[in-house]
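Reading through the structure tokens given below for one structure.
The values are calculated or read from the model by the stated rules, or taken from the named source; none is laboratory data. It should be emphasised that the depicted structure is a prediction, and the values quoted were computed from it without experimental measurement. With ideal geometry, Cβ positions are generated from the backbone for all residues, glycine too; neighbour counts draw on all protein chains shown.
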């Protein structure tokens, strides 16, 4: 049972906070009446720390509250309490470079779809090591496929609410992995690119940088917002507009953005290989890295 | 804290089975690494018992395995084990009329979307009292609205897999309740009726009975299948075909089917009131009730 052993090793390296209590992994549990468990009725954020500093944590907290708003979920917790518990968990982990997942559910209620029965939240924070990704991921890049699974439509369940309803993405990555790809990109009903399973998508063609708009059906990534800002401030030619799978496949450069990965090039989409020089991807990476270094220095959300 | 008190009273009446162990409600918990909690990566069934007999339990188990197939979820448990645990929990509850919820998750894994990391399931069974619905619900019927939330599309997440990704339905019922309705009906992208949040939808117009096909995007309800069979055997005029919101509003009779509700008339949809005689609804209800009585007598899945 290799998978079981790997899971045990993984668990041993985690630090978990359940409603304010640092709890050993074996005991880190949630009621079966928790709406996160019953319905995926939860929201979450993933950020990481570098040198003990939670990177862009204000932006992640803003987005957490925005997810709650989109789902009409009351957050009974104060923002300061979430910050305190996140830093407490990070400190307990003793990790300087950590993955930090903050989950807030609509709490435990009688079995009843109607969320107005909710009267509290459950707050779970999971911290685990986040070693840098292999250098090859940044020099060469990842191999993705465009999934046959369409991204959830905004009129059904808004991808801009980062919620515990993640089967759509689970099905997409599962298909991709089975076919030998690293991960999946998802399109909407109009065959326009939306996002990857856990990252935003960018393309460069003839010097123009493109990334899909919120209306395509995506989560407004924190890194995406930062890169948009960099493009505007540094006078890159940026278009936040829809593009099709076909246009993506005809790009000069393709890359992804995510909080834990930063800017990572994409080497292949379906059977199309992108082996041009990554001129713009590399320029943006260097500028984004400066932002990260600035974050590390600012120590606003550091336990050290 | 009325809601908290109500939840406590609810919990006191439940009987819970966690991976084979009957567990007091306070201790009935699941790991925070359970994929059902993290991603809604779980499947479930709800049935009920009458006179201690689990109604249409074979059909529910078939559907549970079908949900697993649709999500490529391995069920490591034997069917016989699930039956044994369900009956054990029901017996422990001492309830003759009970609501029985069976949840199977893809188990605990390291935090990783890819479901191939799964190596076991978690099996949770929740039994609670299921008193008959108020008689008024059957003589008059319920008040529903057509939700502005579209049903999940089959190409994104197939509603025919009964899964723990239920935010789509949570958002729809929430909207309906706020506006004073009992529950919600959902349409697809083509404005064709799919289903209610936890029930299938039927209409009768000029003696023709209609219910939407699977391709509209719905869960093939067990009661729906039984009523289709009744219609065919008894030579009712049945069409399993798409119809729009507008057609629904022009119906002579409207009703819903669900495992716990059986056949329940719908009195109102949006501002349209259906106050014709419920001739066909009542005929089908009587025939369906005969099937239930037969099930009660058969005692295949009874703890008594």
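In region A:1-49, what residues are in a helix (DSSP H, G or I) and closer than 17 Å to residue A:99 by Cα? Write out each step before concluding.
Going residue by residue through region A:1-49, those that are in a helix (DSSP H, G or I) are A:2-12, A:25-27, A:35-39.
Within region A:1-49, A:7, A:9, A:10, A:11, A:12, A:25 qualify.
Restricting attention to region A:33-50, the residues being farther than 21 Å from residue A:170 by Cβ and either under 15 Å from the mean Cα position of the chain (by Cα) or facing chain B (nearest Cβ under 9 Å) (or both) number 4.
For (1) in the same structural domain as residue B:253 (by TED's automatic domain parsing); (2) surrounded by fewer than 21 Cβ atoms within 10 Å (Cβ to Cβ); (3) closer than 28 Å to residue A:196 by Cβ, each residue gets a yes or a no:
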| site | (1), (2), (3) |
| --- | --- |
| B:80 | no, yes, no |
| B:103 | no, no, no |
| B:141 | yes, no, no |
| B:160 | yes, yes, yes |
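The residues listed here are B:268, B:225; of these, the one that is outside any loop (DSSP other than H, G, I, E, B) and within 15 Å of residue B:203 (Cα to Cα) is B:268. The residues of region B:1-17 that are touching a residue at least 60 places away in the same chain (Cβ under 8 Å) and more than 7 Å from chain A (Cβ to nearest Cβ), listed by number, are B:13, B:14, B:15, B:17. Taking region B:143-158 as the range and being surrounded by fewer than 24 Cβ atoms within 10 Å (Cβ to Cβ) and free of Cβ contacts under 8 Å to residues at least 24 places away in the same chain as the test, only B:155 passes. The set of residues in region B:123-138 that are surrounded by fewer than 22 Cβ atoms within 10 Å (Cβ to Cβ) and touching a residue at least 24 places away in the same chain (Cβ under 8 Å) comprises B:123, B:128, B:129, B:130, B:131, B:132, B:133, B:137, B:138. Of all the numbered requirements in (1) surrounded by fewer than 22 Cβ atoms within 10 Å (Cβ to Cβ); (2) touching a strand residue (DSSP E or B) at 6+ places or on another chain (Cβ under 7 Å); (3) farther than 20 Å from residue A:114 by Cα, residue B:234 misses one, and that requirement is (2). Among the residues of region A:79-118, those identified as within 14 Å of chain B (Cβ to nearest Cβ), without any contact (Cβ under 8 Å) to a residue 40 or more places away in the chain and part of a loop (DSSP other than H, G, I, E, B) are A:112, A:114.
Can you find even one residue in region A:248-265 that is without any contact (Cβ under 8 Å) to a residue 12 or more places away in the chain and surrounded by fewer than 19 Cβ atoms within 10 Å (Cβ to Cβ)? No: zero hits.
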